[in-house]
Structure formats: C-alpha cells, structure tokens
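Below you'll find the structure, written out as structure tokens, and then a few comments.
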Amino acid sequence: MEEKLRRLREILREVYALRRSAALLWWDQATKMPPGGAAGRGEQLATLGRLAHERFTSEEVGELLEALAPVAKEMPYDSDEAALIRVTKRLYERETRKPAEFVARLARHTSESYAVWRRARPENDFVAVAPYLERSLELGRELAGFYEHEHIADPLIAESDYGMNTKRVRKLFSELREALVPLVAEITEKPPVDDSCLLKELPAQEQLAFAAEMVSHFGYDFSSGRQDLTAHPFAVKVSTPQDVRITTRIRPGDLRDPLFSTLHEAGHGMYEQGIDQNLAWTPLDRGASAGLHESQSRLWENVVGRSRECWEHFLPRLKERFPGHFDGVSLEEFHRAINKVERSLIRTDADEVTYNLHVILRFDFEVAMLEGDLEVRDLPEAWRGRMREDLGIEPPDDRDGVLQDAHWYDGIVGGKFQGYSLGNIMGAQLYAAALEAHPEVPEEISRGNFGTLHGWLKENVYRHGSKYTSEEILEHATGSGITTEPYLEYLRGKYTEIYDL
Ligand code: ZN
C-alpha cells in the first residue's frame with residue numbers, strides 16, 4: 001500500500017506540475033504577453049491541458065485509487081493521506097465521467113461563444129449571442145446528465161461548491177433576498193452619501209504601492225507573491241503556496257477600484273499562500289470551494305478593508321502618500337464614502353448591501369433556465385423586471401443587463417454565481433467566530449495589526465486547503481453549518497450606523 005500511495009503521489013506531482021505551468025502561462029498571457037503571442041499560447045495551453053487530463057484520468061490512477069480507497073477508510077479521517085485519496089477519488093470520478101468528445105465540444109463552444117460575446121456586449125446585441133447561450137444551456141444540461149442528481153443544477157453547483165445543492169442555496173438566498181430588498185429600500189430613502197472625496201486623479205504607481213502596503217500589512221506575503229496590472233483582476237497559484245500572484249487594474253479618477261480589487265485578490269492570495277506546504281503538488285493544495293475562497297476575498301475586502309478600524313490606521317498613511325489630496329477628509333467622511341450604498345446596474349461595482357441581489361438574480365435565472373421555466377429569448381425582459389423589483393432600477397439596454405457578465409458566455413449555464421454570495425455569508429460567520437476567540441481583533445486592526453486575525457484564519461481555514469469540504473471547515477471553525485444570521489446581523493449593524501436607519 002505504501003508503494004501504491006507513493007506512486008499515486010508521483011503521478012499527482014506531474015499532473016500538478018503541468019497544471020501550474022499552464023497557470024503560469026495563463027498569468028503571462030494576462031500580464032506580459034505581446035498580442036502576437038496569442039495563437040502560440042493557445043497551443044501551449046491546450047497541450048498542457050491535454051497532458052494533465054490524460055495523466056490524471058489514466059487507468060493506472062483509477063486502479064491505484066480503487067486499491068487505496070478501502071485503506072483510506074481505515075485511516076484517521078484527518079490524516080493527509082486519507083484526505084488525499086478521498087479527494088483525488090472524487091475528482092477522478094468527476095473527470096472520467098465526462099466523455100472526451102464532450103470536453104472537446106465544450107472547449108470549442110466556449111472559445112466561439114466568448115468571442116461572440118466580446119463583440120456583442122459593446123454593440124448591445126443580445127440577438128447575436130442568444131443562439132450561443134442556448135447552446136451553453138444545452139451543454140449545462142448535458143454535463144449535469146453525466147452525474148446522478150436530484151435537481152438538474154445540483155451537479156453544476158457541486159463543480160465549484162462541492163457539498164452544496166439547489167435546495168440549500170435557494171433557501172439561503174431567499175432568506176437574504178427577503179432581508180436585503182427592504183434594507184436597500186430603507187437605505188436609499190436616506191440622503192445619498194457624498195463620495196466625492198474619493199474621486200481624485202492620483203498617480204497610478206502610487207496607488208498600486210499604497211494598495212500593496214495595505215495587503216502586506218494584512219499578511220499577503222510578497223516574498224511568495226507579486227502584483228501586476230491586468231484588465232480583470234485575479235489571483236493565481238503558479239506552483240506551490242510559495243508563488244501565488246495577484247493582479248489589479250487602475251481606473252483613473254477613482255481610488256476605490258484599484259484599492260479594493262487589490263484587497264479582494266489578496267484575500268484569495270493569502271488563502272492560497274496559507275495552505276500547508278505538505279499539501280503542495282496534490283489536489284489538496286487549493287481552496288476548498290469557490291464559496292469559501294470568496295469568503296476570504298470578501299472578508300478582507302469588505303469586513304476588514306471597509307471597516308472604520310482599518311482606516312483609523314490607514315487614512316493617515318493615505319494622506320501622507322498623496323499630499324494635498326485628502327487633507328481635510330475626516331475618518332467619518334472617508335468611512336461613509338467607501339461604504340456608499342446605491343441602486344446600480346453592474347454587479348462587480350455594486351456595494352456590499354446590493355451586491356447579493358445581483359448574484360441571487362443570476363442564480364435564480366440559471367436554475368429557471370435549466371428547469372425549462374425561463375426561455376433564453378425571454379431573459380432580457382425577465383432581467384429588467386427583476387432589477388425593477390429588487391433594486392428599483394432598470395438597465396436602459398442589455399449591455400448593462402443580461403450581457404454584463406462573461407460567465408454564461410464562457411462555457412456552460414449553471415453553477416456559475418452562487419459562490420459569490422455563499423462567500424459573503426461564510427465570511428461573516430468566520431469573522432464572527434474569530435472575534436469570539438479574539439475580541440481584541442478590531443482594536444488591533446485600528447493599530448494596523450492584522451496578525452491575530454490572519455493567524456486565526458490560517459489556523460482554521462487556510463492551512464487545510466481542500467483536505468475538508470468547505471462546510472466541514474466552517475463547522476470546525478465556527479461550530480455551525482452555513483447560516484445567514486451573522487451576515488445579516490453584520491450588514492444591519494454596520495449600515496444602521498452609517499445611514500442612521
Ligand atoms: Zn473573488
């Protein structure tokens with residue numbers, strides 16, 4: 001058995017060396033590659049992807065897992081070996097159930113559909129993408145069909161949020177929606193917050209440097225990471241926890257975008273950097289689910305990064321770095337400005353309170369389309385209606401409506417959005433648990449000390465990687481499964497104070 005486990009590890013090492021090399025090439029494509037490199041890069045990525053897939057889904061891996069699975073059941077559940085066998089088996093089964101012909105067809109569809117969407121969005125041309133969206137929906141249904149399921153969306157949700165299903169997400173999201181629609185209405189009846197103190201033309205390099213200063217205080221380790229500019233910010237592991245990179249973008253005239261997108265990506269980055277080094281080159285060396293990953297990005301971006309305590313420490317530093325720009329700005333004014341709530345059209349720009357309503361709309365529509373209750377051709381109208389109902393505004397066109405996110409045009413329809421709001425919910429639960437263990441955290445944050453919080457998260461979440469499911473991690477760390485209460489309490493408390501509700 002020792003020998004079989006050694007051999008499994010050896011193969012996984014190769015698979016992950018290939019996959020992380022592909023991630024490095026992908027990072028290069030997004031940050032450094034000249035436009036002329038695109039075709040060659042496509043070929044390199046396709047080759048690495050195919051080699052990794054073939055290696056991982058080989059008969060040898062199947063035989064090793066079959067021999068090792070009964071042994072793993074005898075081992076302590078918490079051991080790295082048992083987790084390695086358990087998780088590898090789950091991924092192996094998932095990968096081998098997809099026929100190679102389907103994978104190739106999906107890849108072809110994805111690149112065509114994405115290219116059509118790239119042109120259609122600026123031209124506000126839903127008609128052009130509609131047939132591709134139909135196809136994405138059919139492919140989603142076909143993919144779900146490879147797995148046993150209660151609800152057709154379940155396997156698609158499980159792809160990124162293993163352990164979750166349609167029924168549970170629906171319940172959580174209806175609790176959120178019921179609480180948030182009236183909260184948004186209540187807030188937007190109040191006089192709007194003045195956020196003009198944030199709208200400053202600042203040198204781009206200095207903005208990046210300031211954001212980097214903040215995240216290195218948080219605990220993002222630049223000796224195992226770096227920051228570059230891209231059109232769409234992301235975080236990526238290119239080998240082991242010792243090389244996890246983040247990217248950001250600059251939007252002239254608004255400090256918020258580069259700053260908070262950096263805090264967000266650093267949250268993802270710290271999670272990946274914090275995974276136990278012993279788990280490197282295995283499927284365990286990554287965050288446990290999309291939702292749990294997002295819990296970390298949103299925790300550092302919003303719960304910490306938009307807190308009064310955080311800016312008690314950083315506002316004087318901001319003033320120092322940008323002399324003359326923030327001189328008369330009080331902590332109160334700054335804190336209100338970075339937490340401004342408004343009815344807006346674009347999910348990725350939305351504030352903490354309205355954000356989930358954008359996500360829930362997309363989740364509900366995905367499920368309705370998969371169920372056959374919503375036709376693709378009726379989607380733009382349904383979108384406008386739901387925006388009116390939940391957010392009180394309506395997009396003037398499809399560009400800022402149904403065409404705004406790449407997700408449905410970049411693969412299948414299904415399971416693409418729930419992680420964003422599950423992350424908000426879990427992030428608040430984890431923060432509440434950290435405060436219970438260490439009530440001194442807010443006070444420490446106001447002095448620029450994030451070590452206790454970062455250490456608690458590393459100990460309770462990060463180091464485990466994918467050894468456990470996200471819900472097992474949550475239960476261990478907080479003593480409870482996923483529940484909306486702490487998140488709703490956090491939002492109500494914070495915004496009651498800011499908006500004097
Ligand atoms: Zn994220």
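The values are calculated or read from the model by the stated rules, or taken from the named source; none is laboratory data. No experiment lies behind these values; they were computed from the predicted model shown. In this analysis, Cβ positions are derived from the backbone assuming ideal geometry, glycine residues included, and neighbour counts consider all displayed protein chains. What goes into the accessible areas is simple: the full protein's heavy atoms, side chains included, and nothing from ligands, DNA or RNA. Shrake-Rupley method; radii C 1.70, N 1.55, O 1.52, S 1.80 Å.
Taking 12 Å as the straight-line reach from the Cα of residue 190, the aspartates and glutamates in range (excluding those fewer than 8 positions away in the same chain) are 342, 500.
Across the stretch 229-246, computed HN-Hα scalar couplings (Karplus, 6.51 cos²θ - 1.76 cosθ + 1.60, θ = phi - 60°) run 8, 9, 5, 10, x, 7, 10, 8, 8, 9, 8, 10, x, 8, 8, 10, 9, 10 Hz from first to last residue, x flagging Gly and Pro. Return P(r) of the chain (all Cα-Cα pairs; 10 Å bins starting at 0; whole %; ordered from short to long distances). Values per bin, smallest distances first: 4, 18, 29, 29, 16, 4, 0. Rounded to the nearest 10 square angstrom, residue 96 shows an accessible area of 60 square angstrom against a 1.4 Å probe.
The heavy atoms of residue 63 offer some 110 square angstrom of accessible surface to a 1.4 angstrom probe.
Contour minus end-to-end for residue 483 and residue 96, with contour as 0.36 nm per residue of separation and end-to-end as the Cα-Cα distance?
On the way: separation 387, 0.36 × 387 = 139.32 nm, distance 3.36 nm.
The residue 483-residue 96 span can extend by a further 136.0 nm.
Identify the trypsin sites (Lys or Arg not before Pro) of the stretch 435-476 meeting these criteria: DSSP loop state and at most 12 other C-beta atoms within 10 Å of the C-beta.
Details: sites: 447, 458, 463, 467; in loops: 447, 467.
Answer by residue number: 447.
With each label modelled as a point 7 angstrom along the Cα→C-beta vector, the residue 277-residue 194 pair spans 5.3 nm.
Per residue, the chain exposes 42 Å² of accessible surface when a 1.4 Å probe is rolled over the protein heavy atoms with every protein chain present.
Which entries of 237/340; 73/171; 89/237; 340/467; 4/416; 237/494 show an alpha-carbon separation above 31 angstrom in the structure shown?
237/340; 73/171; 340/467; 4/416; 237/494
The order of 426, 1 by accessible area, most exposed first and with a 1.4 Å probe, is 1, 426. Exposure here means at most 15 other Cβ atoms within 10 Å; with chymotrypsin sites (Phe, Trp or Tyr not before Pro) in a DSSP loop as sites, the longest stretch of the chain lacking them is 148-501.
From Cα pairs below 8 angstrom and at least 6 apart in sequence, can you work out the relative contact order of the chain, rounded to a whole percent? Before the final figure, lay out the partial values.
Details: 726 pairs, mean separation 103.4, N = 501.
Taking the mean separation of contacting Cα pairs over the length of the chain, I get 21 percent.
Using the Cβ-Cβ distance between residue 151 and residue 108 with R0 set to 35 Å, the FRET efficiency works out to roughly 0.80.
Converting the Cα gyration tensor eigenvalues of the stretch 2-120 into ellipsoid dimensions via √(5λ) gives semi-axes, longest first, of 34, 16, 12 Å. Think of it as helices only: each DSSP H run of n ≥ 4 in the chain is worth -39500 (n - 2.57), and spread over all residues that comes to -20500 deg cm²/dmol at 222 nm.
Computed over protein heavy atoms with a 1.4 angstrom probe, the accessible surface ordering of 354, 188, largest first, is 188, 354. In this label model, residue 17 and residue 186 are separated by 5.8 nm, measuring between points 7 Å along each Cα→Cβ vector.
For the stretch 100-166, run through the GluC sites (Glu not before Pro) and keep only the ones in DSSP coil with at most 12 other Cβ atoms within 10 Å of their Cβ. Each step should come with its number before you reach the end.
Details: sites: 101, 112, 123, 134, 138, 142, 148, 150, 159; in loops: 123, 148, 150.
Filter output for the stretch 100-166: 123, 148, 150.
Grab the Cα-Cα distance for residue 31 and residue 213, subtract it from 0.36 nm times how many residues apart they are, and report the gain in nm with one decimal.
Details: separation 182, 0.36 × 182 = 65.52 nm, distance 2.09 nm.
Length gained, residue 31 through residue 213: 63.4 nm.
Computed over protein heavy atoms with a 1.4 Å probe, the carbon and sulfur contribution to the accessible area of the stretch 2-120 reaches 56%.
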